[in-house]
Amino acid sequence: MAGSSLWVVRLASLLAVGFVVGSVKASPGDAHPQYRTCVKECQNTGITGSNIISHCQSRDNDSTSAGSSWYTHEPLYLQWKQQNCMTDCRYYCMIQREERRQLGGLSPVKYHGKWPFKRVSVFQEPLSAALSALNLLTHFIGWLSFFLQVNYRLPLRPQTKRTYYEYTGLWHIYAILSLNAWFWSTIFHTRDIDLTEKMDYSSAVAQLGYSLILTLLRTFNVKDEAGRVMFAAPILAFVTTHILYLNFYELDYGWNMKVCVAMGVVHIVAWTTWAVVTHHPSRFKVWIVIFGGALAVLLEVYDFPPYKGYADAHSLWHASTIPLTYLWWTFVRDDAEFRTSTLVKKAK
Ligand SMILES: [Zn+2]
C-alpha cells in the first residue's frame, strides 16, 4: 500500500478480510447438506465426481506401508496431507455445487467465508495473488526511483554526504514494510492457511502502524530526534502489543478492525489537514491518493462475487492500489526534491 493511501487501501483490505474470515463459521454455501455430504464422502474415499484426491487416498497406505519414505510417517507430513485432503475436497465439492447452482440460474454463494474462486495451478485466488505481486513490484520500482533520486539526482550535504531530505531513512523503512506486506498478501491469496493468514495480518498491521508514525512525522514536520521518539514510541509499543496479541492470544477480527479503522482515520485526518494547509507544489497528488483510496474502499463495501470465477471486488481493489501506489511514490520523490531545494536555498 502506498503511504497515505496505501494505508486506506490496506485498511479496507483488513476490513474485508476481517469480515470474510469472521464469518467463516456460517457461510450459506458450506451450510448446505449436499455440500457437507460431498466433503465427508470425499474425505473418506478420496473421490469426488471425476476427481481423485491423492492426499486423501494414500493416507492409510502411507502410515502402514513399510516401503514408503521416512517422511511419510512424520506427524507433520501426515497433518499436512490431511489438511490438503480437506482443502481439495472442499474445493471440488464447492465447484460441483456451484456448477449445479449455475445451471439452475442461481448466483454464487460464499463457502467458509470466501467466494467460490477457480484455482489456477497452486493459486487459490489467482487474480488477487497476481495483483498483490504487482503491488509489490510497483512499490519496489517506486522505492528504487526514490533511492536514485535522493542519492544521485539531488545534491548531498557537503560535510556529511548525507541527503538534505530529512525523511529519507523513514521512507526506506516504509518501503521495506510495504514490500513485506504485499509479499505476504501474495502468499496469503495463493494459499490460505493459519500461518499465511497471521503473517498477512501482522505484516499489514505493521505497515499501517509504521505509516501512521511516518504520516504524523511528515505532516507535523517533526525533524528533531527527541520529537520523533515522542511520536513513534507510543505507536510502536501499541502496534507491537497488538501484533503479539493477534498471533499468540487471539486473532480477533472485530478488535483488529477497530484498531485499523482508528489508525486509518488518523491517517486521513492528518494528510487531509496537511493538504489543505500546505503550499506544497505536489499537494494535489495527496488529494488524489486520499480520494482514490476512498473510492477504492467502496469496492470492498460492494463485495460482489467473482466474475467468471476470478475477478471479485477484493481483487479489483488490489488492482486500484497499483496506480495509487505509483502516484504516491512520485509524491515522495517530489517531496524530497521540494525539501532539498528549500534547504539548499536556505544554506546559500
Ligand atoms: Zn487481499
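The values are calculated or read from the model by the stated rules, or taken from the named source; none is laboratory data. The shown structure was predicted, so the numbers you read here are calculated from the model rather than taken from an experiment. When we count neighbours, we look across all protein chains shown, and the Cβ atoms used for this are built from the backbone with ideal geometry, even at glycine.
Brief remarks on what is shown
- Residue selected from the range 304-319 under the condition away from the ligand (no atom under 12 Å from the Cβ) and of a type outside the set (A, V, I, L, M, F, W, C), by the criterion surrounded by the most Cβ atoms within 10 Å (Cβ to Cβ): P306
- When I268 is tested against (1) surrounded by fewer than 17 Cβ atoms within 10 Å (Cβ to Cβ); (2) among the β-branched types (V, I, T); (3) touching a residue at least 60 places away in the same chain (Cβ under 8 Å), just one condition goes unmet, and that condition is (1).
- S211 being buried (at least 20 other Cβ atoms within 10 Å of the Cβ), in the same structural domain as R339 (by TED's automatic domain parsing) and hydroxyl-bearing (S, T, Y): yes
- Of all the residues in the range 145-189, those that are small (G, A, S), surrounded by fewer than 18 Cβ atoms within 10 Å (Cβ to Cβ) and in contact (Cβ under 8 Å) with a residue 60 or more places away in the chain number 1.
- Any hit, the range 124-143, residues being within 16 Å of the ligand (Cβ to nearest atom) and at positive phi: no
- Residues of the range 86-123 classified as within 16 Å of the ligand (Cβ to nearest atom) and within 12 Å of P28 (Cα to Cα), total: 4
- Filtering the range 273-301 to residues that are touching a helix residue (DSSP H, G or I) at 6+ places or on another chain (Cβ under 6 Å) and closer than 21 Å to V109 by Cβ leaves L299, E300.
- Restricting attention to the range 209-233, the residues that are farther than 15 Å from V269 by Cβ and part of a loop (DSSP other than H, G, I, E, B) add up to 4.
- Scanning the range 317-348 for residues that are more than 24 Å from W271 (Cβ to Cβ) and in a helix (DSSP H, G or I) returns V344, K345, K346, A347.
- For P126, the conditions (1) surrounded by 14 or more Cβ atoms within 10 Å (Cβ to Cβ); (2) more than 27 Å from the chain's Cα centre (by Cα); (3) modelled with pLDDT of 90 or more; (4) farther than 30 Å from K346 by Cβ are fulfilled apart from (2).
Per-residue answers, yes or no, for (1) under 19 Å from L136 (Cα atoms); (2) modelled with pLDDT of 90 or more; (3) of a type outside the set (A, V, I, L, M, F, W, C); (4) more than 21 Å from the chain's Cα centre (by Cα):
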{"site": "V289", "(1), (2), (3), (4)": "yes, yes, no, no"}
{"site": "L295", "(1), (2), (3), (4)": "no, no, no, no"}
{"site": "F304", "(1), (2), (3), (4)": "no, yes, no, no"}
{"site": "S315", "(1), (2), (3), (4)": "yes, yes, yes, no"}
{"site": "R333", "(1), (2), (3), (4)": "yes, yes, yes, yes"}
